[in-house]
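Encoded as structure tokens, the structure appears first; notes follow it.
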Amino acid sequence: MITITPKRKFDVPIQAACINVDIFTGKTLEDIKKLAITEGKENLTLNDAFNITEDKTVETPNITLIGDFSKVKRIGQGMKTGEIIINGNAGMHTGEKLAGGKIVVNGNSDGWTGSEMKKGLIEIHGDAGDYTASPFRGTDTGGMKGGIIIVDGNVGSNVGCYLRGGTIKIKGSAGRFLGHHMSDGTIYIEKNCASRAGTFMTGGKIIINGTIELVMPTFTIDSIKPKVKVDATLNAPGPFYVFLGDIAEHGTGKIFALKTTNPALSTYEKYL
């Protein structure tokens, strides 16, 4: 196991996509220390900014980060195998394009965590920032395509945008524009959801156990279901109001809103 700790407080972002099990594999400790990073406009090595040690008696997790990594971007980018544990906060783009393996954040994670993720597991035992599991603005590559993201706390706005597959489980509440432009996959919110959920949605499902601030007028009520399947491990007990949309996009996506926490939605029942 490789253990990495910051040598100092970072004032500007560090680009460190080299903190990756695939990249570390087969390298000596000295090779790892020489890997290139940038701090602002400065070109550095990993050893310039971090203390790096190795314990050959521990195989898993492969990499442990200890301390504040909130300014460190792209940890585990594109990783295919192995496990990274971050005992502290993580910076932007953590687990971006993850293709396998596991990343655990024992703290908060900043924006674009899990962006364009394909496989694997990301667990965040705190809050997650805006654009979690969402692509960059203006890209045509789509969003998260597979894997699982679990957030113990709350998430910001624009989470799960352009979602193409996979599952996002949020144990707290979610900000606005959840699942914007999603076409497949599942987003499950245990608490509350702000407005504009599912805008331009064409497929997939959003499940809200708490209150939903507003159901978009481009969604129509379809039915009331006694329960809904989140994934192979979880069925959420209802009853749930089921809304279809986004009709403006000829969408067939579904928003499930728990009936008991959304009494204001009872006015839709006359249309069933």
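For region 58-216, how big is Rg over Rh, using alpha carbon atoms and the Kirkwood form of Rh? The Rg/Rh ratio comes out at 0.96. Couplings 3J(HN,Hα) of region 18-25, computed from phi: 6, 6, 7, 4, 4, 6, 6, 4 Hz, in residue order, whole Hz [Karplus 6.51 cos²θ - 1.76 cosθ + 1.60, θ = phi - 60°; x for Gly and Pro]. Proximity of backbone amide H atoms, modeled 1.01 Å from N, is registered between Ile86 and Leu65, Val104, Val105, Asn106 at under 5 Å, excluding neighbours fewer than 5 places apart on the same chain.
In region 130-272, inverting the average of 1/r over every pair of distinct C-alpha atoms gives 14.6 Å as the Kirkwood radius. Which entries of Lys169/Lys227; Lys56/Lys102; Lys71/Lys169 have Cα-Cα distances beyond 23 Å here? Long pairs (Cα-Cα over 23 Å): Lys71/Lys169. Carbon and sulfur atoms: what percent of the 1.4 Å accessible area of region 207-268 do they account for? Carbon and sulfur atoms account for 59 percent of the accessible area of region 207-268. For region 36-151, the equivalent ellipsoid derived from the Cα gyration tensor has semi-axes of 22, 17, 13 Å, listed largest first. Put simply, the amide H of Asn62, placed in the peptide plane, has neighbours under 5 Å in Glu83, leaving out anything fewer than 5 places away on its chain.
Remark: region 1-125 carries 44 Å² of accessible area per residue (probe radius 1.4 Å; ligands, DNA and RNA excluded).
The share of C-alpha pairs in the chain whose separation exceeds 32 Å stands at 28 percent. Pairs of alpha carbons in region 110-162 separated by more than 13 Å make up 51% of all such pairs.
When the convex hull of its Cα atoms is viewed from all sides, region 154-206 shows a mean projected area of 2.7 nm². By the Stokes-Einstein formula, at 1.306 mPa s and 10 °C, region 192-272 with its Kirkwood radius over alpha-carbon pairs has D equal to 127 µm²/s. Where the alpha-carbon atoms of region 37-79 are placed on the principal axes, they occupy 37, 22, 19 Å, in descending order. Evaluated on region 1-57, the Kirkwood hydrodynamic radius is 11.8 Å, with distances taken between all distinct Cα atoms. Say we join alpha carbon atoms closer than 10 Å with springs in a Gaussian network model of the chain; which of Ala257, Ala236, Ala90 then has the biggest fluctuation? In this elastic network of the chain, the residue with the biggest mean-square fluctuation among Ala257, Ala236, Ala90 is Ala236.
Measure up Lys9/Lys119; Lys34/Lys73; Lys41/Lys118 against 27 Å on the Cα-Cα distance and list the ones that go over. Distance filter (> 27 Å) returns Lys9/Lys119; Lys41/Lys118.
The values are calculated or read from the model by the stated rules, or taken from the named source; none is laboratory data. Since the structure is predicted, the reported quantities are computational estimates derived from the model, not experimental observations. Side chains included, ligands, DNA and RNA excluded: accessible areas come from the protein's heavy atoms. Shrake-Rupley method; radii C 1.70, N 1.55, O 1.52, S 1.80 Å.
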